[in-house]
Amino acid sequence: MSERATSIPPEEQHDDQDADTTANAGGDDTTAGGDDTTAGATSADTAAAGNDTQPKPVTTGAESVVRALENAGVEYAFGVQGGAIMPVYDALYDSEITHVTMAHEQGASHAADAYGIVSGEPGVCLATSGPGATNLVTGIADADMDSDPMLALTGQVPTDFVGNDAFQETDTTGVTTPVTKDNTFAADPDRVGTDVSEAFALAREGRPGPTLVDLPKDVTNAETDREPDEPATPDTYEVTEEADPTIVASAAERIENATRPIMLLGGGVIKGEASETCREFAIEHDIPVVTTMPGIGSFPEDHELSMEMAGMHGTGYANMAITHCDTMIAVGTRFDDRLTGGIETFAPDAEIIHVDIDPAEISKNIHADYPLVGDADTVVSQLARAVETSPQATKWRAQCQQWKSDYSMAYDVPEDEPIQPEFVVEALDEATSDNAIVTTGVGQHQMWACQYWTYTEPRTWVSSHGLGTMGYGLPAAIGARLAADDDQEVVCIDGDGSFLMTLQGLSVAVRENLDITVAVLNNEYIGMVRQWQDAFFEGRHSASDYGWMPEFDKLAEAFGASGFRIDEYDEVADTIEAALAEDGPSVIDVHIDPQANVYPMVPSGGDNGQFALAEDQL
Amino acid sequence: MSGENEPNDRTEPTEPGHRRGLDGPAPEERPTPAGRRNEQGIRIDPEVEAKQEPRRTVISTLVEHEPGVLSDVSGLFSRRQFNIESLTVGPTTDDDRARITLVVEEPDPGIDQIKKQLRKLIPVISVRELESDAMRRELALVKIDADRPSEVAAVADMYDGKTVDSCPETATIEITGSRQKIDAAIETFEQFGIREIDRTGTTALARGTQSTAAPASTTESTAEAASHPQNQYAPADDD
């Protein structure tokens, strides 16, 4: 009875078929998405021209800050007001930039992060000094771990007060140095705009990441007529775009002679707009493709060559392929421990061709036999030109297909137990288009969202990978919604614990009338912790059992959103359809089997090839 | 919550409810590769596992002379757990730039990481690991009990030390030279009783016409460096 694609009432299936047959159009969409930003900038220009006036010359530091954002083509900013940032907000009052007032600064940083993931351009968040700035930190750290482009602007107490422990003073640049790509304390009203331009450029260029400019109130209030420079990175910042041709040549030779090749695509493939080039390369040479979690969407998971995600909760077949390959073409991945498991058993027979724009990722965790420093798209194109014959890997591909059937992700749907979460994820996937965007919190629900949703397009998977921030899902959905095209659904698959951490964001979604659908997979546990306690702590559920959760559907209604609840299988399809049909935000409280666990699982530091399929194998 | 399952109950297929998990060959039924990697992620022959030994080396960096750059560098070392022995910072011929000289002790892959991570800091202009023949000097002030002044003076002489302060109770000697020389001097002074020591840490410049850390040296291909991680430098002693 267990079938991965559990049958769902097939009303919507024709939609899916359409989407499948127009896979190419989907590909074009992403290009269009890329162009959109340029288009956005242009339309901003025309809007300005339409006003029949050149932009007014700046008169203050704050106006220069806002002008820098406008010059960079910023359309949205997410933030919360406060004392020290008031001059900037005052300047924003006259700007074309749409400011989304968030309920909490953490939400502002997650929304900006998600905006950056979906649009490819830095998301902008603002907060005041002190608690405003420290509340942003979680989202900044999240963006840093995932190399997401983001610009944070924080108010600061006036320069003369800095260091005096003034009201709402925090050493913001000190606090954020370890979690930003770069940060700046803006000390000069004549330079403050350029500081912002430079931070914007740095967030986007090379390996993306969060940058921060700390804005003392006296600097933003001060008079200046200096227009900010155009966004450009400082002279000390160097990016290598093209890899060393001799290493490319030897890597190509290695690929030609491989008998068990795989491609491992990471988040850098998506950030570097290299998904199309990687797809072409894999298909041209018939190389099976594994992705990391941030790499989800870089390769269509419904393609025969797709082995899907590898790592701790990756598919069994992906982990078998990764463990037994003899050549790994790893692109835009930093070999995080959730991917590698124990280093000693990671792809132990593989020669590794590592493509990354950040030289510091080369041989950081896993030694690169062929280090290729450069932009993902450029370097994979270099490889594509250099590889003349495809590897002879018929047997290997057959083996990979065999693993796909041996370690199928099929799950049981016992009628006498509560709803299985996998079923809900698949039902949501069925009910939405191929371009739908999924955001998540962190925990079991996130892993089910990885495993049971079939991703086919880049920039449709928005999650907290490296930092693992519970509560990321809802604010991320807000940011994603504003970056997405109107015909893209935005679905937040959340957990009850994660949702509870940031659900004040519902007030924002309602106020802004954002069309998002939140599906809370509610098991009244911190489920992943409960699963680990069962496996490693003798089932002692210390502080993981909530035992009680608010009624999320009612709570949603109190916020002014639409609330739904699912308890039975036969409610799943209809309720999802109704929730998706709502124009504004809706929340489905899905009461899932509280005992449901995530498998396969590689325990921390374990051998990827020895993944457990059930608890007794841990 | 009613699901208080005993952890081991789930191995019993007869347990009420279904077995939770997925189907497929169990771990012990799967093929396993013979290869292994070491802690640095380098593939190794399990028979001849060679552990990489840490070595001491000097890294010279040229940085923008701006507030916060020293804490950027020192913060990097602490949060990435790089082993640092000394750090000195000082102005250069260019007012806008400062030189930070670091003595570090790490295995080769760690040294490689240090260089790359330093280079990623935006205010860092260039990073260079100095050759083992580079000039390295340190200065120490050693405050000694002056009960036997003539003997103290004799030892100071032996190490080309200079007396910079003296009073009936103490003498303070300035010594410059390589780390080893200063270590040796301090060891010899110990017989008189040392009250306090202050040492500057290593300063260093490359020999001859080579420039120590100029922007040009950063054009050295990182890829090339990465493909020859086994660059062997002689141990860090000079003089």
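No lab work stands behind these numbers, since they all come straight from the coordinates. Being a predicted model, the structure only gives us computed values, none of them experimental. For neighbour counting, all protein chains shown are included, and Cβ atoms are generated from backbone atoms with ideal geometry for every residue, glycine included.
Convex hull volume of the Cα atoms in the range A:242-315, per residue, in Å³?
Values: hull volume 7.5 nm³, N = 74.
Value for the range A:242-315: 102 Å³ per residue.
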Using 0.36 nm per residue, how much length does the chain from A:Glu568 to A:Asp487 gain when fully extended, once their Cα-Cα distance is taken away?
26.2 nm
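Antiparallel versus total DSSP beta bridges in the range A:421-599: what percent is that, nearest 5? Present the calculation step by step, with values, prior to reporting the outcome.
Details: 1 of 23 bridges.
The antiparallel proportion sits near 5 percent.
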Which of rounded, prolate, oblate describes the range A:476-549, given a ≥ b ≥ c as roots of the alpha-carbon gyration tensor eigenvalues and a/c under 1.5 marking rounded, otherwise prolate only if a/b is larger than b/c?
prolate
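Report the local net charge at A:Val510: Lys and Arg +1, Asp and Glu -1, summed over other residues whose C-beta lies under 14 Å from its C-beta.
Numbers: positive: A:Arg481, A:Arg511; negative: A:Glu512, A:Asp515, A:Glu557, A:Glu582, A:Asp583.
Here the charged neighbours net out to -3.
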Normalise the Debye intensity by I(0) for the range A:436-499, one equal point scatterer per Cα, no solvent, then take log10 at q = 0.26 Å⁻¹ and round to two decimals.
-1.12
Dipole check, chain A, charges on Cβ (K,R +1; D,E -1), about Cα centroid: among A:Thr340, A:His104, A:Ile117 the Cα furthest to the positive pole belongs to A:Thr340
Using a 10 Å cut-off on Cβ atoms, rank the peptides B:173-185, B:57-69 from the highest mean neighbour count down.
B:57-69, B:173-185
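Report relative contact order for chain A in percent, whole number only (criteria: Cα-Cα under 8 Å, sequence separation at least 6). All intermediate terms of the calculation are to be shown ahead of the outcome.
Details: 1452 pairs, mean separation 85.9, N = 618.
Relative contact order comes out at 14 percent.
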Enumerate the calculated ³J(HN,Hα) couplings along the range A:519-533 in order (Karplus 6.51 cos²θ - 1.76 cosθ + 1.60, θ = phi - 60°), each rounded to whole Hz, writing x wherever the residue is Gly or Pro.
10, 8, 7, 9, 10, 6, 10, 7, x, 5, 5, 4, 4, 5, 5
Simple spin-label estimate for B:Gln191 and B:Asp145 in nanometres, 7 Å along Cα-Cβ:
1.5
Apply the Kirkwood formula to the range B:135-203: the hydrodynamic radius equals the inverse of the mean of 1/r over all pairs of different alpha-carbon atoms; give it in Å with one decimal.
11.7
Residues of type lysines that A:Lys395 reaches as a straight line, Cα spacing below 27 Å, ignoring anything fewer than 8 places off in the same chain:
A:Lys404
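If you average 1/r over every pair of different alpha-carbon atoms in the range A:375-512 and take one over that average, what Kirkwood value in Å do you get? Before the final figure, lay out each step's value.
Details: mean 1/r = 0.0565 Å⁻¹.
Taking the inverse mean of 1/r over all distinct Cα pairs, the range A:375-512 comes out at 17.7 Å.
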Using a simple spin-label model with points 7 Å from Cα along the Cα→Cβ vector, what separation in nm is obtained for B:Ala184 and B:Ala34?
5.2
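Using a cut-off of 9 Å between beta-carbons, work out the net charge of the residues near A:Arg481 (Lys and Arg +1, Asp and Glu -1, A:Arg481 not included).
Surrounding charge for A:Arg481 is -2.
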Geometric extent, Cα atoms of the range A:421-599 - Rg, Dmax (angstrom)
15.1, 48
Of the listed pairs B:Lys116/B:Lys181; A:Lys217/B:Lys116; A:Lys271/A:Lys364, which have alpha-carbon separations greater than 25 Å here?
B:Lys116/B:Lys181; A:Lys217/B:Lys116
Cα-based Rg of the range A:550-597 normalised by 2.2 N^0.38 Å, two decimals
1.17
Under the rule of -39500 (n - 2.57) per DSSP H run of 4 or more residues, summed and divided by the residues of the protein assembly as shown, what mean residue ellipticity at 222 nm is obtained, to the nearest 500 deg cm²/dmol?
-10500 deg cm²/dmol
Give me P(r) over the range A:56-221, computed from all C-alpha to C-alpha distances, binned every 5 Å, as integer percentages.
2, 11, 22, 25, 23, 13, 4, 1, 0
Give the cross-link partners of B:Lys162 among the aspartates and glutamates, using a straight C-alpha distance below 13 Å as the criterion and excluding same-chain residues fewer than 8 apart.
B:Glu174
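Note the per residue figure in Å³ for the convex hull of the C-alpha positions in the range A:240-406.
Taking the convex hull of the Cα positions in the range A:240-406, it is 92 Å³ per residue.
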State, to one decimal in nm, how far the label point of A:Glu577 lies from the label point of B:Gln81, with both points 7 Å from Cα in the Cβ direction.
5.5
Let me know the Kirkwood hydrodynamic radius for the range B:55-134, please, with Cα pairs as the basis and the value in Å to one decimal.
12.6
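Note down the net charge around A:Val80, summing +1 for each Lys or Arg and -1 for each Asp or Glu among other residues with Cβ under 14 Å from its Cβ. Let's see the in-between values first.
Working: positive: A:Arg511; negative: A:Glu105.
Counting the neighbours of A:Val80, the net charge comes to 0.
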Quick calc, the range A:421-599, dipole around Cα centre from Cβ unit charges on Lys, Arg (+) and Asp, Glu (-), nearest 20 debye, gives 940
Write down the percent of antiparallel bridges among all DSSP beta bridges whose residues are both part of chain A, to the nearest 5.
5
Suppose every Lys and Arg Cβ carries +1 and every Asp and Glu Cβ carries -1, with no other charges. What dipole size does the protein assembly as shown come out with about its Cα centre, to the nearest 20 debye?
2920
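If I take R0 = 51 Å and measure r between the Cβ atoms of B:Asp165 and A:Glu242 in this structure, what FRET efficiency does the formula 1/(1 + (r/R0)^6) give, to the nearest 0.05? Let's see the in-between values first.
Numbers: r = 59 Å, r/R0 = 1.17.
In this case the efficiency is close to 0.30.
Hull surface divided by four, with the convex hull built on the Cα atoms of the protein assembly as shown: how many nm²? Don't jump to the answer; show the numbers that get you there.
Details: hull surface 163.7 nm².
Result: a mean projected hull area of 40.9 nm².
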